[in-house]
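Written below as structure tokens is the structure these notes are about.
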Amino acid sequence: MSQRNIDVTGDGLTVDQAVIEACPIMEVLDQVSGKWSVSILIAAAHGPVRFTELERGIDGISRRMLTLTLRRLERDGLLTRKVYPTVPPKTEYTATSVARELFAPLSALRDWAERHQMTIASARHEYDHRAAETGS
């Protein structure tokens, strides 16, 4: 068992439980900021989006990971799912009002990341180079 799972608070809570209890935002941010969640939420904010559109539009996501992420976002109340009784079945996902409220901050974060991607890559390269020279 890792140290994080040991009761260190003295009141029966593990460190993980204490952090969640002390700061509920961490749990929400963990869900919303997942590797694939941001792309899905931004795509769904523009209106209903089909499963196949998401699968084709999100580079590198597997069908299974897309399914799991969509289920989690639906469970969290950020997406609604509508299945049309067609052959093959057509499934659409729509952002809820709560998720649409997230669109501006997520878009700003995405834009920031795009603007600073090269700066961060350069800083990493310099850091790795210095670390290799010093052996640390």
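Per-residue Karplus couplings for segment 74-79, computed as 6.51 cos²θ - 1.76 cosθ + 1.60 with θ equal to phi - 60°, are listed in order as 5, 4, 7, x, 9, 10 Hz, Gly and Pro entered as x.
If R0 is 25 Å, the Cβ-Cβ spacing of Leu109 and Ser136 corresponds to a FRET efficiency of close to 0.20.
The Met26 and Glu53 beta-carbon pair, evaluated with R₀ = 30 Å, returns a calculated FRET efficiency of approximately 0.45.
FYI, it's all coordinate maths here, none of it is from the lab. Bear in mind that the values here come from a model prediction, so they are computed numbers and not experimental data. Here Cβ is always computed from backbone atoms with ideal geometry, including for glycine, and neighbour counts include all displayed protein chains.
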